[in-house]
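The values are calculated or read from the model by the stated rules, or taken from the named source; none is laboratory data. Please read these numbers as outputs of a predicted model, since none were measured by experiment. No Cβ is skipped: glycine too gets one built from the backbone with ideal geometry, and neighbour counts run over all protein chains shown.
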Amino acid sequence: MNTITTSYLNRAELWLYITTLIYFLMNGAQIFETLVFVPRWTDAPPANFKLLLDGHGASLKNFWIVFHSIHEVTFLLAIVFCWKIDMARNWLLILFAIHFAVRVWTLAYFAPNIINFQKIAISNEVIAGLADKTARWQMLNYIRVAIFMAVSIGLIPLCIRVFNLRH
């Protein structure tokens, strides 16, 4: 470990704490959405897809864009401010890589499918295998949320180790 000043350690602890807190808040919203909202719109496709539309239901697009953006900025700041702490830097880089991979998966699979489900709600188009597509989306979403939760839980021992550097 490089020479770490008290001031440096304070900033490292602060940004690690902030990103952990925001990650757990994000997980709370994801768990709520997964357990309450997703079962509603996946229950009877395409009839319940209207719940996904802006102005007709609970479109959460803006919420998630803002929440993920804030979280990713704080995560990067935690990496920056923990950079001199080898163990913290390495662990944060691993957790961020996992987080980033799931975000790419979200943007490549989940978001385009939600957009397609919204288009179906507007057009009332009949799509073969729609129930299977929504069931697959829902099952994969459970996996995605579990991975996000695992990353946030992985931050806890890291916080403890960094906070214990003072002693």
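Structure values in brief
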{"read-out": "Some residue of region 69-83 being loosely packed, with under 15 Cβ neighbours inside 10 Å and within 23 Å of Pro112 (Cβ to Cβ)", "value": "yes"}
{"read-out": "Conditions (1) out of contact with any Leu (no Cβ under 6 Å at 6 or more places or on another chain); (2) β-branched (Val, Ile, Thr); (3) under 17 Å from Ala146 (Cα atoms); (4) modelled with pLDDT of 95 or more; number of the one not met by Thr20", "value": "(1)"}
{"read-out": "The one condition in (1) farther than 19 Å from Ser152 by Cβ; (2) aliphatic (A, V, I, L, M); (3) without any contact (Cβ under 8 Å) to a residue 60 or more places away in the chain that Ala101 fails to fulfil", "value": "(1)"}
{"read-out": "Helices (runs of 4 or more DSSP H) lying entirely in region 62-167 (those with 2 or more residues that are over 30 Å from Arg40 (Cα atoms) and either among the acidic types (Asp, Glu) or at pLDDT 95 or above (or both))", "value": "86-105, 130-163"}
{"read-out": "In region 33-48, residue farthest from the chain's Cα centre (by Cα) [restricted to those that are more than 14 Å from Val126 (Cα to Cα) and without any contact (Cβ under 8 Å) to a residue 24 or more places away in the chain]", "value": "Asp43"}
{"read-out": "Residue pairs meeting the criteria (Cβ under 9 Å; at least 6 apart or on separate chains; first touching a residue at least 40 places away in the same chain (Cβ under 8 Å), in region 125-137; second of a type in the set (D, E, K, R))", "value": "Glu125/Lys119; Ile127/Lys133; Thr134/Asp43"}
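Matching residues to (1) exposed (fewer than 15 other Cβ atoms within 10 Å of the Cβ); (2) of a type in the set (A, V, I, L, M); (3) over 21 Å from the mean Cα position of the chain (by Cα); (4) under 26 Å from Ala78 (Cα atoms):
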| residue | (1), (2), (3), (4) |
| --- | --- |
| Ala111 | yes, yes, no, no |
| Ile122 | yes, yes, yes, no |
| Gly129 | yes, no, yes, no |
| Arg136 | yes, no, no, no |
| Ile143 | yes, yes, no, yes |
| Met149 | no, yes, no, yes |
| Leu158 | no, yes, no, yes |
| Val162 | no, yes, yes, yes |
| Leu165 | yes, yes, yes, yes |
